[in-house]
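S.K.: My questions will all concern the structure given below.
The values are calculated or read from the model by the stated rules, or taken from the named source; none is laboratory data. Every value quoted in this text rests on a predicted model; they were computed, and no experiment measured them. Here the Cβ positions follow ideal geometry from the backbone for every residue, glycine too, while neighbour counts run over all protein chains shown.
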Amino acid sequence: MAIYTLPELPYDYAALEPVINPQIIELHHDKHHAAYVKGANDTLEQLEEARDKDQWGSINGLEKNLAFHLSGHILHSIYWNNMNSPKDGGGGEPLAADGVGDLADAITESFGSFAKFKAQLTKASATTQGSGWGVLAYEPISGRLIVEQVYDHQGNVGQGSVPVLVFDAWEHAFYLQYKNQKVDFIEAMWQVVNWQDVSKRYQAAKASVPLISF
Ligand code: MN
């Protein structure tokens, strides 16, 4: 019985043109994201088998696979919703007039200005070595926003931080269209950011009960 399932895209394959072409979206969602969902489910089954048989020889690899596939599933599920067509309001900056003033204020408080935040997330995303992500995350102890440069899907992450805006910097996210120009792809991503969705995630993260206190 599968625990995780592939979510539907919130738009059609061509919705993010010209920033991301339909072929990339189709392969990325239907093949790559689907593989992480399957990987997470398969790994949970293998862990159940290990418990049943009390055989722990593969525990290190299984725990690594669980973190990889589960984090891949979570990040991609956020990624699709973090974007929308410029025709439907994607892109630009978060503005109070659009009902996302809290998010805009938090970005300014945490990074100095929207421009400084944009520069940091662009740089963090575009300079990933190998495969990774640039992530804007809510950090619950300080109540501030931070940028994380994630290795693969799960490395280099501050425990407890909640991703609210994620830029996929894996080659599969852009290579068919942008070739080796990762910086161009990341810079173009700003044209399709769905600030309403980012704001919704920020508000939910802020409202969640902090599990850690000192
Ligand atoms: Mn991806």
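S.K.: If I filter the stretch 151-158 for residues that are modelled with pLDDT of 95 or more, crowded, with 23+ Cβ neighbours inside 10 Å and β-branched (V, I, T), do I get at least one hit?
M.R.: No: zero hits.
S.K.: Please verify whether Q203 is within 27 Å of Q23 (Cβ to Cβ), surrounded by fewer than 18 Cβ atoms within 10 Å (Cβ to Cβ) and at pLDDT 95 or above, treating the condition exactly as stated. Give the steps one after another, and end with the answer.
M.R.: Numbers: within 27 Å of Q23 (Cβ to Cβ): no; surrounded by fewer than 18 Cβ atoms within 10 Å (Cβ to Cβ): yes; at pLDDT 95 or above: yes.
So Q203 does not fit the description; no.
S.K.: Could you grab me the full set of residues in the stretch 64-100 that are in contact with a Leu (Cβ under 7 Å, 6 or more places away or on another chain) and not in a helix (DSSP H, G or I)?
M.R.: Listed by number, the residues that qualify are M83, S85, P94.
S.K.: Related question: I'd like the full set of residues that are closer than 17 Å to F117 by Cβ and either within 16 Å of the ligand (Cβ to nearest atom) or of a type in the set (A, V, I, L, M, F, W, C) (or both), limited to the stretch 151-164.
M.R.: Listed by number, the residues that qualify are V162, P163, V164.
S.K.: Kindly indicate whether E8 is loosely packed, with under 13 Cβ neighbours inside 10 Å, among the acidic types (D, E) and closer than 24 Å to N194 by Cα.
M.R.: Details: loosely packed, with under 13 Cβ neighbours inside 10 Å: yes; among the acidic types (D, E): yes; closer than 24 Å to N194 by Cα: yes.
Yes, satisfied.
S.K.: Scan the strands (runs of 3 or more DSSP E) fully inside the stretch 109-214 and keep the ones with 2 or more residues being touching a Pro at 6+ places or on another chain (Cβ under 8 Å).
M.R.: Numbers: elements: 132-139, 144-151, 162-168.
Fully inside the stretch 109-214 and qualifying: 132-139.
S.K.: What is the residue count in the stretch 165-185 for residues that are more than 13 Å from the chain's Cα centre (by Cα) and either within 16 Å of the ligand (Cβ to nearest atom) or not polar (S, T, N, Q) (or both)? Steps first, answer last, please.
M.R.: Taking the stretch 165-185 and keeping what is more than 13 Å from the chain's Cα centre (by Cα), we get 171-172, 174-185.
Subsequent filtering for residues that are either within 16 Å of the ligand (Cβ to nearest atom) or not polar (S, T, N, Q) (or both) retains 171-172, 174-179, 182-185.
Number satisfying all stated conditions: 12.
Yes or no, residue by residue, for (1) touching a residue at least 24 places away in the same chain (Cβ under 8 Å); (2) closer than 21 Å to G130 by Cβ; (3) of a type outside the set (G, A, S):
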residue	(1), (2), (3)
D152	yes, yes, yes
G158	no, yes, no
P163	yes, yes, yes
A169	yes, yes, no
S208	yes, no, no
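S.K.: Which residues, taken from the stretch 13-37, are assigned to a helix (DSSP H, G or I), free of Cβ contacts under 8 Å to residues at least 12 places away in the same chain and away from the ligand (no atom under 13 Å from the Cβ)?
M.R.: The one that is assigned to a helix (DSSP H, G or I), free of Cβ contacts under 8 Å to residues at least 12 places away in the same chain and away from the ligand (no atom under 13 Å from the Cβ): P22.
S.K.: Say whether the condition of being crowded, with 20+ Cβ neighbours inside 10 Å and more than 13 Å from the ligand (Cβ to nearest atom) is met by at least one residue in the stretch 48-66. Let's see the steps before the verdict.
M.R.: Initial filter on the stretch 48-66 (crowded, with 20+ Cβ neighbours inside 10 Å): none.
Among the residues of the stretch 48-66, not one is crowded, with 20+ Cβ neighbours inside 10 Å and more than 13 Å from the ligand (Cβ to nearest atom), which makes the answer no.
S.K.: Only one of (1) in contact with a His (Cβ under 8 Å, 6 or more places away or on another chain); (2) in contact (Cβ under 8 Å) with a residue 60 or more places away in the chain fails for W133. Which number is that?
M.R.: Among (1) in contact with a His (Cβ under 8 Å, 6 or more places away or on another chain); (2) in contact (Cβ under 8 Å) with a residue 60 or more places away in the chain, W133 violates only (2).
S.K.: Could you list all residues from the stretch 96-107 that are surrounded by fewer than 16 Cβ atoms within 10 Å (Cβ to Cβ) and closer than 21 Å to A205 by Cα? It would help to see each step written out before you state the result.
M.R.: Keep residues of the stretch 96-107 that are surrounded by fewer than 16 Cβ atoms within 10 Å (Cβ to Cβ), which gives 96-99, 101-102, 105.
Scanning the stretch 96-107 gives A96, D98, G99, G101, D102, D105.
S.K.: Another question, then. So, in the stretch 38-58, exactly how many residues are aliphatic (A, V, I, L, M) and farther than 24 Å from V150 by Cβ?
M.R.: As a first pass, look at the stretch 38-58 and keep what is aliphatic (A, V, I, L, M): 40, 44, 47, 50.
Of the ones still in play, those that are also farther than 24 Å from V150 by Cβ are 50.
Qualifying residue count, the stretch 38-58: 1.
S.K.: Within the bounds of the stretch 79-95, is there any residue that is within 16 Å of the ligand (Cβ to nearest atom), surrounded by 15 or more Cβ atoms within 10 Å (Cβ to Cβ), of a type in the set (F, W, Y) and closer than 30 Å to R144 by Cα? Explain how you work it out, then say what you get.
M.R.: First, pick out the residues of the stretch 79-95 that are within 16 Å of the ligand (Cβ to nearest atom): 79-83.
Filter once more, so that each one left must be surrounded by 15 or more Cβ atoms within 10 Å (Cβ to Cβ): 79-83.
Checking which are of a type in the set (F, W, Y) leaves us with 79-80.
Subset that is closer than 30 Å to R144 by Cα: 79-80.
The answer is yes, given that some residue of the stretch 79-95 is within 16 Å of the ligand (Cβ to nearest atom), surrounded by 15 or more Cβ atoms within 10 Å (Cβ to Cβ), of a type in the set (F, W, Y) and closer than 30 Å to R144 by Cα.
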